[in-house]
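Chemist: First, the structure itself, so that you have it in front of you.
The values are calculated or read from the model by the stated rules, or taken from the named source; none is laboratory data. What you see is a predicted model; the values in this text were computed from it and never measured. Cβ placement follows ideal geometry from the backbone for every residue including glycine, while neighbour counts extend to all protein chains displayed. Surface areas here come from the heavy atoms of the whole protein model, side chains and all, with no ligands, DNA or RNA. Shrake-Rupley method; radii C 1.70, N 1.55, O 1.52, S 1.80 Å.
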Amino acid sequence: MLEHKVMDVVDLILETTVKGVKSLYDQDISKDAVIHNATRKEFEGDYTVVVFPFTKAARKKPEQIGEELGQFMLEHCAGTVVRFNVVKGFLNLVVSDDYWKTYLGQISGQKDFGRQPATGKKVVVEFSSPNTNKPLHLGHIRNILLGWSCSKILEAVGNDVFKVQIVNDRGIAVCKSMLAWQKFGDGETPESSQTKGDFLVGKYYVLFDQKLRAEYGAWQKTEEAKALYESKKKDGQDELAFFKAYKNAYFNNHSQLGTEAKDLLLKWEANDPAVRQLWAMMNSWVYDGFDQTYDSLGVSFDKLYYESDTYLLGKEEIEKGLQREVFYLKEDGSTWIDLEAAKLDHKAVLRSDGTALYITQDIGTAQLRYDDFGMDQMVYVVGDEQNYHFQTLFEIMKRLGAPYADRMFHLSYGMVDLPDGKMKSREGTVVDADMLVAEVIEEARKRVVEGTSDVSNLPQEEQKEIFRQIGLAALKYFIVKVNPKKRMTFNPAESVELQGQTGPYIQYSYVRIAGVLDNARKAKIDLSIASQYAKLESIERDIIRLLYDYPSVVQQAAADLDPSLIANFCYDLAKAFNKSWHDFSILNAESDEARAFRLQLAQAIGHVLQQGMDLLGIEMPAKM
């Protein structure tokens with residue numbers, strides 16, 4: 001048997017390859033230069049070393065090099081590498097059962113397995129960052145879940161992580177909700193209407209758009225509109241196409257509602273007391289609603305920033321940049337920057353009336369966060385429709401000489417659709433986050449009650465908690481299992497399935513393991529003889545190799561800011577466990593040693609499943 005503390009097997013293989021190439025062919029190479037991967041399933045082996053790169057130095061055929069390196073491995077990795085085979089230029093290495101059994105014993109008691117020591121590195125992760133003119137919806141959920149899980153993954157690899165959001169609490173969209181409430185709200189409040197605050201404000205945002213559409217429709221029939229169409233239409237363009245494209249210009253140049261909304265924004269920036277009071281009241285309604293939604297999703301923030309505070313800081317930075325000729329003024333008084341040298345474009349940073357744009361507040365907020373945290377990295381979790389925005393922001397911060405400019409990263413993600421199509425906030429066709437959470441929890445309740453009687457025998461409060469955990473696992477896992485860059489479709493019914501790649505399937509695997517371990521504890525089964533188990537079954541070797549891979553999967557997920565790597569790993573591990581469960585008994589194993597080993601293996605699987613799912617923000621229930 002090996003010593004209890006075993007060397008990392010991949011490091012051992014790489015180091016031995018380096019020594020072997022030097023000894024056999026007198027070529028110096030580094031560990032990083034050794035191409036290696038997991039052995040393909042159709043061949044015997046655990047790890048494969050690619051030997052093609054050594055043909056020039058060896059002046060031999062790849063097959064001969066593979067044979068010679070394989071023999072070198074057997075001699076210098078005795079007790080760890082026990083067999084090899086060569087397929088063309090690929091050296092497939094078989095790791096001993098003793099190594100895997102010792103490795104399992106080594107990690108089975110490690111509560112922090114997969115976590116890395118502190119690095120001292122500070123990372124700020126901005127996510128959610130909603131507007132205060134509407135409730136959080138399905139699109140926000142993907143943002144929130146990606147931000148939360150990336151934060152936990154970055155912490156797991158040793159970073160100090162600060163979770164922040166910028167609340168977009170000012171601007172023309174907010175003024176639209178304010179104006180609609182002023183004109184049509186008749187004093188309605190969350191209390192008087194028994195409506196969640198963010199839902200109430202969102203209702204008036206939709207109402208504004210409805211009133212604007214009606215106003216626009218009526219204007220299109222006027223002589224002014226017809227004359228405009230005749231003077232500006234393109235060749236062959238009909239009225240319907242023209243006025244569809246002209247909507248934003250109408251809002252800015254002709255609309256009475258647009259004029260009033262823009263006037264509210266100017267008054268807000270001028271600190272008009274009545275406007276500020278209305279703004280503070282309606283925003284407070286929204287904040288209460290947001291807090292309830294965040295609580296239901298199990299997320300929190302270390303610090304909140306408000307655009308109403310930071311946009312002025314952005315103006316100050318722009319003024320400094322004007323003095324240094326980083327920016328320039330146009331004849332209409334607006335402020336711009338020329339980014340053509342960076343293959344971008346000319347970008348406006350202040351309007352002609354001096355009001356701020358989104359880029360303005362982002363400039364100010366970036367500097368404020370550096371002052372607050374001195375971060376080594378800044379991650380923005382924002383949808384891919386803002387790719388250009390962040391390219392320009394990062395380039396502007398470089399031009400301004402910000403010391404952190406090259407450490408700003410945009411975690412760009414694809415939009416979320418529903419099976420029946422896209423969502424549009426202004427038209428009121430979004431799926432509100434609260435409604436979606438309630439729906440998946442109810443769907444989980446139905447599936448569990450129909451599928452098992454274990455939960456139905458529990459007290460109501462315990463049942464309710466388990467349904468919550470399963471429903472949220474269904475929602476969260478379905479969202480994060482997809483690579484962030486991909487657009488995705490969320491299917492609530494599919495997400496709660498107990499079979500297939502779903503959160504509840506992984507939870508069920510964990511609950512099954514917990515039940516077995518509980519029975520083992522009651523029977524006082526001795527696990528100390530696990531190392532005496534004679535020969536590993538193929539599926540047991542596969543599972544230990546998966547466990548071995550877990551720390552590197554976490555590190556890769558942190559490097560790529562991609563929680564789907566961990567989500568897919570957890571599914572693969574759960575699936576492998578269930579195959580083993582089906583093929584080989586645990587409590588009724590063929591020997592005491594086999595029973596002890598399989599319990600030890602199940603214990604490690606359960607721990608890693610719980611750890612991995614926790615990094616995705618998913619809790620494990622006690623029963624299902």
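Yes or no, residue by residue, for (1) of a type in the set (S, T, N, Q); (2) without any contact (Cβ under 8 Å) to a residue 40 or more places away in the chain; (3) under 30 Å from N483 (Cβ atoms):
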residue	(1), (2), (3)
K320	no, no, no
Y328	no, yes, no
V349	no, no, no
Y380	no, no, yes
N387	yes, yes, yes
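Chemist: In addition: Would you mention how many residues in segment 513-542 are assigned to a helix (DSSP H, G or I), touching a residue at least 60 places away in the same chain (Cβ under 8 Å) and touching a helix residue (DSSP H, G or I) at 6+ places or on another chain (Cβ under 7 Å)?
Modeler: 10
Chemist: Got a number for residues in segment 334-358 being assigned to a helix (DSSP H, G or I) and closer than 12 Å to T310 by Cβ?
Modeler: 1
Chemist: Looking only at residues that are part of a helix (DSSP H, G or I), open to solvent by 50 Å² or more (accessible area, probe 1.4 Å) and in contact (Cβ under 8 Å) with a residue 40 or more places away in the chain in segment 285-308, which one is farthest from I441 (Cα to Cα)?
Modeler: So, considering only residues that are part of a helix (DSSP H, G or I), open to solvent by 50 Å² or more (accessible area, probe 1.4 Å) and in contact (Cβ under 8 Å) with a residue 40 or more places away in the chain, the one farthest from I441 (Cα to Cα) is Y287.
Chemist: Looking at this structure, is W181 in contact (Cβ under 8 Å) with a residue 24 or more places away in the chain and within 30 Å of Q556 (Cβ to Cβ)?
Modeler: no
Chemist: Give me the residue from segment 49-90 that is in a loop (DSSP other than H, G, I, E, B) and open to solvent by 40 Å² or more (accessible area, probe 1.4 Å) and, out of that set, nearest to D11 (Cα to Cα).
Modeler: That would be A78.
Chemist: I've got another one for you. Looking only at segment 569-611, filter to residues that are hydroxyl-bearing (S, T, Y), open to solvent by 20 Å² or more (accessible area, probe 1.4 Å) and more than 26 Å from the chain's Cα centre (by Cα); which one of those is farthest from T102 (Cα to Cα)?
Modeler: In this case the residue turns out to be S585.
Chemist: Considering only residues of segment 445-499 that are touching a Ser or Thr at 6+ places or on another chain (Cβ under 9 Å) and farther than 30 Å from L411 by Cβ, which is modelled with the lowest pLDDT?
Modeler: Ranking the candidates gives V449 first.
Chemist: Hey, another quick one. Mind listing whichever residues of segment 471-519 are closer than 20 Å to G298 by Cβ and among the charged types (D, E, K, R)?
Modeler: K476, K481
Chemist: Another one. Restricting attention to segment 254-284, which residues are touching a Ser or Thr at 6+ places or on another chain (Cβ under 8 Å) and open to solvent by less than 20 Å² (accessible area, probe 1.4 Å)?
Modeler: L265, M282, N283
Chemist: Follow-up. Answer with yes or no whether A58 is over 29 Å from Y550 (Cβ atoms) and among the hydrophobic types (A, V, I, L, M, F, W, C).
Modeler: Here the answer is yes, as A58 does meet what is asked.
Chemist: With segment 91-206 as the region, which helices (runs of 4 or more DSSP H) entirely inside it contain at least 2 residues that are in contact with a helix residue (DSSP H, G or I) (Cβ under 6 Å, 6 or more places away or on another chain) and open to solvent by 30 Å² or more (accessible area, probe 1.4 Å)?
Modeler: The qualifying helices (runs of 4 or more DSSP H) are 172-184.
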